[in-house]
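A.B. asks: Just passing along the structure, written as structure tokens.
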Amino acid sequence: MSVGADLIARGISIRDQFAAPSQIGALLECVEIRKSQGGFSPARIGNRGALQLRENVRGDSTCWLSEPLYPAERALLDQFEELRVELNREAFLGLFELELHYAWYPPGAGYSRHLDQPQGSRQRLVSMVLYLNRDWDAGVGGALRVYDEAEHVLDIEPIAGRLVCFLTPGREHAVLPGKRDRFSISGWFRGRD
């Protein structure tokens, strides 16, 4: 099944090897450069007008993907643009733009159960995360926990190259703490409000 077919049938899609090992390596180099330049800052929760730093809720640091972009980042954006077109063609989602950031969870950090839809906004339609973690072992923790309406949970290991997409509205999820640094590129395909 394609990502679009998965989203229609189950509301979630998991694609291993969405990014090749060489692409993961290049993106991890971008992470290190952006870290060395001070591009990461502690993540906040809430809406633009009322952002709060709450490490007991969310313990990651983020770096938004913005110009100037490195070649590996630009190539990834091209890949996501192809995915956006595919999702619009197959699932008729009306996706117009993309917002992305790196997320860096140090050991012991997580993100409590939450929704990706800020209060008062309906623009985020598809949430996605691409994992950059080489040689990940399940015993390390750090899984993405996704809840369904019946309170069943699906724990997804953050394995390098794995892309997880899910329909944003109403989909609660959490990031479980891990025992080592955990890196990803996370974001949303957005529609028009």
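A.B. asks: Report the dimensions of the chain along its three principal axes from the alpha-carbon atoms, largest first, rounded to Å.
C.D. replies: 40, 37, 35
A.B. asks: Now, a different point. Would you work out if the stretch 144-193 is rounded, prolate or oblate? Take a ≥ b ≥ c from the square roots of the eigenvalues of the alpha-carbon gyration tensor; rounded if a/c is under 1.5, else prolate when a/b is larger than b/c, oblate otherwise. Don't skip to the end; give the middle numbers.
C.D. replies: Working: a/c = 2.31, a/b = 1.25, b/c = 1.85.
Judged from the Cα gyration tensor, the stretch 144-193 comes out oblate (a/c at least 1.5, b/c at or above a/b).
A.B. asks: With the full set of protein chains in place, find how many percent of the accessible area of the chain is carbon and sulfur; take the probe as 1.4 Å.
C.D. replies: On the way: 5050 of 9900 Å².
Carbon-and-sulfur percentage of accessible area, whole number: 51.
A.B. asks: For the stretch 134-193, which GluC sites (Glu not before Pro) are in a loop by DSSP, counting at most 10 other Cβ atoms within 10 Å?
C.D. replies: Details: sites: GLU149, GLU151, GLU172; in loops: GLU149, GLU151, GLU172.
Listed in order of number, the matching sites are GLU149, GLU151.
A.B. asks: Place the peptides 158-171, 22-35 in order of packing, highest mean first, counting for every residue the other Cβ atoms within 10 Å and averaging per peptide.
C.D. replies: Details: 158-171: 19.8, 22-35: 15.9.
For the peptides 158-171, 22-35, the packing ranking is 158-171, 22-35.
A.B. asks: Each label point is 7 Å from the Cα along the Cα-to-Cβ direction; what then is the distance between the points at ARG122 and GLU67, in nm?
C.D. replies: If labels sit at ARG122 and GLU67, their model points lie 3.2 nm apart.
A.B. asks: Label 7 Å along Cα→Cβ of ALA75; the stretch 10-41 residues with amide nitrogen under 19 Å?
C.D. replies: In the stretch 10-41, the label zone of ALA75 (backbone N under 19 Å from the point 7 Å along Cα→Cβ) covers 16-34.
A.B. asks: To the nearest 0.05, what FRET efficiency results for LYS35 and VAL85 with a Förster distance of 25 Å applied to their C-beta separation? Provide the component values of the computation, followed by the final result.
C.D. replies: Details: r = 32 Å, r/R0 = 1.28.
It comes out at approximately 0.20.
A.B. asks: What does the extension gain come out to for PHE92 and LEU115, with contour length at 0.36 nm per residue minus their alpha carbon separation? If you can, show how the numbers build up before the last one.
C.D. replies: Numbers: separation 23, 0.36 × 23 = 8.28 nm, distance 2.23 nm.
Result: 6.0 nm gained on full extension.
A.B. asks: Calculated from DSSP H runs of 4 or more alone, at -39500 (n - 2.57) each and per residue, what is the 222 nm mean residue ellipticity of the chain, nearest 500? Don't skip to the answer; put the middle values down first.
C.D. replies: On the way: 3 runs with 45 residues, N = 193.
Computed mean residue ellipticity for the chain: -7500 deg cm²/dmol.
A.B. asks: If we count every other residue with Cβ under 10 angstrom of TRP136's Cβ, Lys/Arg +1 and Asp/Glu -1, where does the sum land?
C.D. replies: Numbers: positive: ARG134, ARG162, ARG180, ARG182; negative: ASP135, ASP137, GLU157.
Local net charge: +1.
The values are calculated or read from the model by the stated rules, or taken from the named source; none is laboratory data. Keep in mind it's a predicted model, so treat the numbers as computed, not measured. As a convention, Cβ positions derive from the backbone with ideal geometry for all residues, glycine included, and neighbour counts pool all protein chains shown. Note: accessible area is taken over every heavy atom of the protein model, side chains too, but ligands, DNA and RNA are not part of it. Shrake-Rupley method; radii C 1.70, N 1.55, O 1.52, S 1.80 Å.
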